[in-house]
1. Looking for something in contact with a strand residue (DSSP E or B) (Cβ under 7 Å, 6 or more places away or on another chain) and within 14 Å of residue 7 (Cβ to Cβ) - is there at least one such residue anywhere in region 68-85?
2. Please work out which residue is farthest from residue 20 (Cα to Cα), limiting yourself to region 50-93 and to residues that are in a helix (DSSP H, G or I) and small (Gly, Ala, Ser).
3. Do we find that residue 25 is at pLDDT 95 or above and either out of contact with any Gly (no Cβ under 9 Å at 6 or more places or on another chain) or not charged (D, E, K, R) (or both) in this structure?
4. What number of residues in region 28-49 are of a type outside the set (Val, Ile, Thr), in a loop (DSSP other than H, G, I, E, B) and in contact (Cβ under 8 Å) with a residue 12 or more places away in the chain?
5. Enumerate the pairs (first residue in region 92-103 and within 17 Å of residue 26 (Cβ to Cβ); second residue anywhere and part of a strand (DSSP E or B) and of a type in the set (S, T, N, Q)) with beta-carbon separation below 9 Å, excluding pairs fewer than 6 apart on the same chain, so at least 6 apart or on different chains.
6. Basic (Lys, Arg), modelled with pLDDT of 95 or more and either in a helix (DSSP H, G or I) or touching a helix residue (DSSP H, G or I) at 6+ places or on another chain (Cβ under 7 Å) (or both) - does that describe any residue in region 101-119?
Amino acid sequence: MTKVGSFHNRVFAAVRRIPSGRVATYGQIAGLIGSPRAAQQVGWALHLLEKRPDPTVPWQRVINRHGMLSIVNLRYAADEQANLLQAEGVVVSKKDDVWFVDLEKYLWEPKENPRSVERG
């Protein structure tokens, strides 16, 4: 993978920690890496994976704060993200042509100090 900035590397490290069968929000990832107001930048970092794929980063596990799959990507559509999550055991339902995940059931809640990702 092409070299990217430290912000992106921290995003990728945090996303790698999300266990299979769980999801996290863009804002949650931003907070975990010590940039709580950078939810949109987390999305842009993950968008870089379109041009520089890294199979070790489970991008499909990151969704918006409402539980909605809000991917904007030419390589992968929300349907593909839904399929990947379903393969991990996450129930994804479609309402009005939009995919949703129940955050109360599937939201990942890391137990350790959130700032530990910054050092990783």
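The values are calculated or read from the model by the stated rules, or taken from the named source; none is laboratory data. This is a predicted model, so every value here is computed, not measured. Quick reminder, even Gly has a Cβ in these numbers, built from the backbone with ideal geometry, and neighbours come from all protein chains shown.
1. No.
2. Among them, the one singled out is 78.
3. yes
4. Number satisfying all stated conditions: 3.
5. That search, which allows pairs on different chains as well, returns 99/93; 100/93; 101/93; 103/25.
6. yes
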